[in-house]
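The values are calculated or read from the model by the stated rules, or taken from the named source; none is laboratory data. Just so we're clear, the structure is a prediction, and the values are computed from it rather than from any experiment. Quick reminder, even Gly has a Cβ in these numbers, built from the backbone with ideal geometry, and neighbours come from all protein chains shown. Note: accessible area is taken over every heavy atom of the protein model, side chains too, but ligands, DNA and RNA are not part of it. Shrake-Rupley method; radii C 1.70, N 1.55, O 1.52, S 1.80 Å.
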Amino acid sequence: MSKVNVEAVKAASRGLRGSLPEEFANGDAFLTDEAKTLIKFHGSYQQEDRDERKGERGDRGEKYYQFMIRTRIPGGQMSAEQYLLHDALAGEFGNETLRITTRQAFQLHGIIKRDLPGTLRRLNGALITTLAACGDVVRNVMACPAPTNNAQQRAVQDFAEMLSTELLPRTNAYHQIWIDGKELIEEEAEPLYGKTYLPRKFKVAVAIPGDNCVDVFTDDVGLVAIFDEAEPEKLLGFNVTAGGGMGTTHNNDETFARLGDLIGFVTPDQVIETVKAIVTIHRDFGDRTNRKHARLKYVLHEWGVEKFRAELASRVPFPIQTAQPMPPFHVQDHLGWTDQGDGCWALGVPIENGRIVDRGDFRLRTALRRVIETYRPGVRLTPQQNILLTDIAPEHRAAIDDLLAAHQVLKVETISGVRRNGLACPALPTCGLAIAESERALPGILDQIEAVLTDLGIPNEPITVRMTGCPNGCARPYVSEIAFVGRSLNKYMLYLGGNFVGTRLARPFLDLVPGDDLAVALRPLLTLFRDTRTPDESFGDFVERIGFDALREQVLIAYPAAKLPKAGRETSRAEVA
Ligand code: SF4
């Protein structure tokens with residue numbers, strides 16, 4: 001809970017400067033609440049290592065303040081040099097790990113305050129910004145990172161980069177504070193955002209037709225590229241969705257997860273103006289009195305689609321056309337080797353929960369650094385927190401495989417379907433909002449689920465399993481087939497019913513399930529799934545077909561301690577038609 005009036009802090013900040021220059025010049029280890037609010041817009045959060053509360057430092061009543069830095073990487077695409085710089089900074093100033101976010105960016109954790117300015121300066125020297133990676137602005141623009149070198153992929157990825165640049169704040173504060181230190185002469189105008197920026201964060205994703213790897217319906221604005229059927233390389237435009245969002249608050253029916261509505265279709269020359277117009281609708285009509293109710297999804301929910309379309313139409317000088325038909329969605333993770341179609345290959349390396357780390361004999365961070373230093377591939381971060389190494393000559397494939405194997409990096413073929421499709425947010429010990437473990441707990445819970453699936457004779461069943469340490473939903477749990485959302489220390493709300501392709505919301509199935517009981521509660525459902533599924537039916541679709549009442553009866557026989565969630569807004573159902 002913020003102790004400051006965020007709207008007042010933004011308004012008085014002189015284009016996001018506030019007291020940041022002075023506070024980074026003093027010797028304190030931490031920032032004031034006002035500066036903590038503004039540093040988010042510069043791509044950083046002040047955090048505390050919550051594990052340290054249990055140690056000597058905690059006994060002395062001291063907090064171990066540190067900063068998370070998030071880089072803004074449109075579509076998750078970067079050069080080998082940019083990857084290597086992230087890696088070097090994680091070693092020099094961070095906690096020696098890199099974390100791929102669920103929005104195709106990198107987070108560096110454990111930076112202490114005095115090292116933050118130099119870290120941002122080094123990143124900037126490699127043309128990497130952190131501006132607007134966090135805060136009440138449009139965040140990193142996601143895009144399908146598929147490595148196939150064809151015109152459709154290139155069009156979507158190039159467009160995401162252009163859109164991201166268009167949506168950046170215009171303030172020069174970032175440069176002034178972190179890069180050149182020049183005095184502010186006059187505050188710059190922010191034509192898109194205004195003096196108080198947006199009421200809350202705003203997320204944008206771009207999908208290619210038929211592949212929903214970016215979870216396009218969970219974003220404030222989603223764009224689905226539409227190509228000409230007769231001339232597949234010709235981009236006709238984009239279907240536009242609006243009003244998706246994941247964050248909820250437990251026991252607060254005013255907050256809920258929501259899938260974006262299909263608003264219409266616009267041509268390539270109209271799309272940037274359309275997205276900007278939607279951003280201004282959020283700017284002008286989003287709730288600035290209650291941050292829990294401030295996302296664009298609540299405007300859509302309260303207005304309905306027709307009123308939203310009319311408002312949008314009044315803000316652009318062209319008609320919003322009817323949405324074009326789209327092929328059914330699937331999701332590809334591009335793990336393993338892919339022929340790019342241009343003589344080169346790409347390798348998708350699975351990264352459990354996005355954490356690039358060396359731990360014992362498992363030397364993932366070292367292995368990636370060596371491969372990237374030696375072969376200089378392109379690098380892409382995926383929305384599933386994995387990494388793609390692209391543009392690899394065929395003759396280097398075997399050596400890269402050997403190098404990864406020598407560092408105990410697992411091949412995708414050896415990973416189960418649930419682990420391959422698992423996502424977790426960082427939660428403890430760094431996230432200040434976490435009320436339960438997530439990244440550190442999910443691997444062990446997946447061990448237990450894998451044991452159940454192996455017992456049932458379906459060890460490689462692909463099922464999406466997502467976990468978060470609080471209901472904010474950073475790992476997009478509310479579209480997952482199975483999700484665990486932190487309720488209190490080591491207790492989780494179990495969500496079921498989302499689908500593999502991210503077009504249906506999950507709903508609360510059981511409440512307050514202890515972490516060690518999650519696999520126990522799932523066993524009767526997975527057993528029934530194995531025994532009664534229809535051909536090729538996925539677990540999420542099976543759950544929808546059987547229904548929660550019948551499934552809960554099964555669970556209560558095998559797991560009588562199960563607690564049902566209270567009925568409320570969170571139980572509302574939504575599916576993309
Ligand atoms: Fe933190 Fe909650 Fe987001 Fe997890 S979902 S990273 S606990 S805010």
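Can you find, within region 455-492, the residue that is farthest from the chain's Cα centre (by Cα) among those that are more than 15 Å from the ligand (Cβ to nearest atom) and of a type in the set (S, T, N, Q)?
Top of the filtered list is 460.
Check 487, 466, 507 and return the single one that is touching a Pro at 6+ places or on another chain (Cβ under 8 Å) and either open to solvent by 10 Å² or more (accessible area, probe 1.4 Å) or of a type in the set (Gly, Ala, Ser) (or both).
466
Could you identify the single residue in 183, 96 that is in a loop (DSSP other than H, G, I, E, B), open to solvent by 40 Å² or more (accessible area, probe 1.4 Å) and without any contact (Cβ under 8 Å) to a residue 40 or more places away in the chain?
On the way: 96 fails: without any contact (Cβ under 8 Å) to a residue 40 or more places away in the chain.
One residue alone meets the criteria, 183.
Please go through region 413-447 and give me each residue that is more than 16 Å from the ligand (Cβ to nearest atom) and either crowded, with 17+ Cβ neighbours inside 10 Å or among the hydroxyl-bearing types (Ser, Thr, Tyr) (or both), ordered by number.
Scanning region 413-447 gives 414, 415, 416, 417, 418, 419, 420, 421, 446.
Those residues that are of a type in the set (Gly, Ala, Ser), touching a residue at least 12 places away in the same chain (Cβ under 8 Å) and open to solvent by 10 Å² or more (accessible area, probe 1.4 Å), I need them from region 43-76; list them, please.
Those that are of a type in the set (Gly, Ala, Ser), touching a residue at least 12 places away in the same chain (Cβ under 8 Å) and open to solvent by 10 Å² or more (accessible area, probe 1.4 Å): none in region 43-76.
Which count do you get for residues in region 336-373 that are of a type in the set (A, V, I, L, M, F, W, C) and closer than 18 Å to residue 150 by Cα?
Step one: list which residues in region 336-373 are of a type in the set (A, V, I, L, M, F, W, C), which gives 337, 344-347, 349, 351, 356-357, 362, 364, 367-368, 371-372.
Imposing the further condition that a residue be closer than 18 Å to residue 150 by Cα reduces the set to 337, 344-347.
Summing the residues that are of a type in the set (A, V, I, L, M, F, W, C) and closer than 18 Å to residue 150 by Cα in region 336-373 gives 5.
With the requirement that a residue be more than 23 Å from residue 421 (Cβ to Cβ) and either of a type in the set (D, E, K, R) or touching a Cys at 6+ places or on another chain (Cβ under 8 Å) (or both), what does region 366-400 give you?
Hits for region 366-400 are 369, 370, 373, 376, 391, 392, 393, 394, 395, 397.
Please identify the pairs in which a residue from region 77-93 that is of a type in the set (D, E, K, R) has its Cβ atom under 7 Å from the Cβ atom of a residue that is assigned to a strand (DSSP E or B), counting only partners at least 6 apart or on another chain.
87/98
Identify all residues within region 238-262 that are over 23 Å from residue 282 (Cα atoms) and either modelled with pLDDT of 95 or more or hydroxyl-bearing (Ser, Thr, Tyr) (or both); write none if there are none.
Those that are over 23 Å from residue 282 (Cα atoms) and either modelled with pLDDT of 95 or more or hydroxyl-bearing (Ser, Thr, Tyr) (or both): none in region 238-262.
With respect to residue 366, is the statement that it is out of contact with any helix residue (DSSP H, G or I) (no Cβ under 8 Å at 6 or more places or on another chain), hydroxyl-bearing (Ser, Thr, Tyr) and open to solvent by 40 Å² or more (accessible area, probe 1.4 Å) true?
Details: out of contact with any helix residue (DSSP H, G or I) (no Cβ under 8 Å at 6 or more places or on another chain): yes; hydroxyl-bearing (Ser, Thr, Tyr): yes; open to solvent by 40 Å² or more (accessible area, probe 1.4 Å): no.
For residue 366, the condition - out of contact with any helix residue (DSSP H, G or I) (no Cβ under 8 Å at 6 or more places or on another chain), hydroxyl-bearing (Ser, Thr, Tyr) and open to solvent by 40 Å² or more (accessible area, probe 1.4 Å) - is not met.
Out of all the residues in region 290-307, which are touching a strand residue (DSSP E or B) at 6+ places or on another chain (Cβ under 6 Å), outside any loop (DSSP other than H, G, I, E, B) and closer than 14 Å to residue 198 by Cα?
Answer for region 290-307, where residues must be touching a strand residue (DSSP E or B) at 6+ places or on another chain (Cβ under 6 Å), outside any loop (DSSP other than H, G, I, E, B) and closer than 14 Å to residue 198 by Cα: just 297.
For region 382-406, what are the residues that are more than 25 Å from the chain's Cα centre (by Cα) and aliphatic (A, V, I, L, M)?
Within region 382-406, 392, 393, 398, 399, 400, 403, 404, 405, 406 meet the criteria.
Pick from 409, 379, 452: which is within 22 Å of the chain's Cα centre (by Cα), open to solvent by less than 30 Å² (accessible area, probe 1.4 Å) and away from the ligand (no atom under 15 Å from the Cβ)?
379
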